[in-house]
Amino acid sequence: MIKIKNITKEYILNKNNTIKALKDVSLEIKEGELIVIKGASGSGKSTLLSLISALAKPTSGEIIVDDKKISKLPDNFASTYRRDNIGFIFQKYNLIPTMSVAENILLPLIPLNPEPEDMSQKLEIAMKMFDISHKKDVLVNNLSGGEQQRVAIARANVNNPKIILADEPTANLDEKLSLRFVEIIKELKAFGKTIVIATHDPLFFGLDFVDTEIELHDGKLI
Ligand code: ADP
Ligand code: MG
């Protein structure tokens, strides 16, 4: 489903300095697979996720998702690709505290300009799936950590994406919430999602439902 072929990513700092964040990385991820990308801070994990989500383009190499070359997409097609295929779970949730649970979950749908009926149906499904329906109109500010987590995950799933990308998802969670997050990932895998988790949290290492564990070291796959 996701083919990463000989990817190199360089960041140009100034005319004398570039950083090679990824060096000749190749990887294949099958549909429905759960993959954990390990690696110390600065090893290139976030860069790899940004390339899979077409938020950035590789310096060389290519990325093919569902037979589509996403590493070459013009920006407007890249954002359509992202909306249709990718759910992103961020480290700090990136929720808008002054908006309600429902408003936060609906955010990814707004650019699609959907029919109100379609929107409320998708909202109801996502809220039910992650057990947050009872807080629909509550401001995110007034939720517990666990509830905020469920809102963030519901938002990543509201458009029913095939691919879920999570970048250091447990970095700001206590142990109980981290364990709950691992359970949610297991559920998402059971729903058939293809999932890529970038993390250095040992909680994700050696889990029996993880298909592949790889490690980045200084931009290289080891
Ligand atoms: P990780 O997520 O594993 O911590 P990153 O992909 O964020 O690693 O970073 C890999 C390397 O690329 C690091 O050296 C980092 O400083 C550098 N880097 C990441 N993003 C940028 C950027 N936008 N501009 C310049 N350098 C960057
Ligand atoms: Mg990172």
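The values are calculated or read from the model by the stated rules, or taken from the named source; none is laboratory data. In this text the structure is predicted, and so the values were computed from the model without any measurement. Positions of Cβ are backbone-derived with ideal geometry, glycine not excepted, and every protein chain shown enters the neighbour counts. The area values use the complete protein model at the heavy-atom level, side chains included, leaving out ligands, DNA and RNA. Shrake-Rupley method; radii C 1.70, N 1.55, O 1.52, S 1.80 Å.
Residue-by-condition table, conditions (1) outside any loop (DSSP other than H, G, I, E, B); (2) open to solvent by less than 50 Å² (accessible area, probe 1.4 Å); (3) within 16 Å of ligand 1 (Cβ to nearest atom):
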{"position": "Glu117", "(1), (2), (3)": "yes, no, no"}
{"position": "Glu124", "(1), (2), (3)": "yes, no, no"}
{"position": "Asp131", "(1), (2), (3)": "no, no, no"}
{"position": "Gly146", "(1), (2), (3)": "yes, yes, no"}
{"position": "Val151", "(1), (2), (3)": "yes, yes, no"}
{"position": "Pro161", "(1), (2), (3)": "no, yes, no"}
{"position": "Ala171", "(1), (2), (3)": "no, no, yes"}
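Check segment 73-87 and report whether any residue there is touching a residue at least 12 places away in the same chain (Cβ under 8 Å) and more than 20 Å from Val196 (Cβ to Cβ).
Checking segment 73-87: not a single residue is touching a residue at least 12 places away in the same chain (Cβ under 8 Å) and more than 20 Å from Val196 (Cβ to Cβ).
Selection within segment 48-67: residues that are open to solvent by less than 10 Å² (accessible area, probe 1.4 Å), outside any loop (DSSP other than H, G, I, E, B) and under 20 Å from Thr170 (Cβ atoms). The member of this set that is farthest from ligand 2 (Cβ to nearest atom) is Ile52. Looking only at segment 48-95, residues that are away from ligand 1 (no atom under 16 Å from the Cβ), basic (Lys, Arg) and within 29 Å of Asn141 (Cβ to Cβ) come to 2 in all.
Can you tell me which residue among Ile29, Ile37, Ile4 is within 16 Å of ligand 2 (Cβ to nearest atom), closer than 19 Å to Ala198 by Cβ and of a type outside the set (D, E, K, R)?
Ile37
Scanning segment 193-222 for residues that are within 12 Å of ligand 1 (Cβ to nearest atom), within 24 Å of Pro161 (Cβ to Cβ) and surrounded by fewer than 22 Cβ atoms within 10 Å (Cβ to Cβ) turns up just one, Thr199. Of the residues making up segment 85-94, just one is modelled with pLDDT of 90 or more and open to solvent by 30 Å² or more (accessible area, probe 1.4 Å), namely Phe88. Taken over segment 9-31, the criterion of being closer than 25 Å to Gln91 by Cβ and not charged (D, E, K, R) is satisfied by Tyr11, Leu13, Ile19, Ala21, Leu22, Val25, Leu27, Ile29. Only a single criterion out of (1) more than 24 Å from Leu216 (Cα to Cα); (2) touching a strand residue (DSSP E or B) at 6+ places or on another chain (Cβ under 9 Å) is not satisfied by Ile105, namely (2). Listed conditions (1) within 16 Å of ligand 2 (Cβ to nearest atom); (2) buried (at least 18 other Cβ atoms within 10 Å of the Cβ); (3) among the hydrophobic types (A, V, I, L, M, F, W, C); (4) more than 22 Å from Lys189 (Cβ to Cβ) are all met by Ile70, apart from (1). Out of the residues in segment 12-27 meeting the condition of being surrounded by 13 or more Cβ atoms within 10 Å (Cβ to Cβ) and either within 13 Å of ligand 1 (Cβ to nearest atom) or of a type in the set (Asp, Glu) (or both), tell me which one is nearest to Leu221 (Cα to Cα). Here the answer is Val25.
Residues that are crowded, with 22+ Cβ neighbours inside 10 Å and more than 7 Å from ligand 1 (Cβ to nearest atom) within segment 28-47 comprise Leu34, Val36, Ile37, listed in sequence order. Of everything in segment 95-115, what is in contact (Cβ under 8 Å) with a residue 24 or more places away in the chain and either surrounded by 15 or more Cβ atoms within 10 Å (Cβ to Cβ) or farther than 22 Å from Gln149 by Cα (or both)? Give them in sequence order. Scanning segment 95-115 gives Leu95, Met99, Ser100, Val101, Ala102, Asn104, Ile105, Leu106, Pro108, Leu109, Pro111, Leu112. Scanning segment 173-190 for residues that are in a loop (DSSP other than H, G, I, E, B) and farther than 24 Å from Glu103 by Cα yields a single hit, Asp174.
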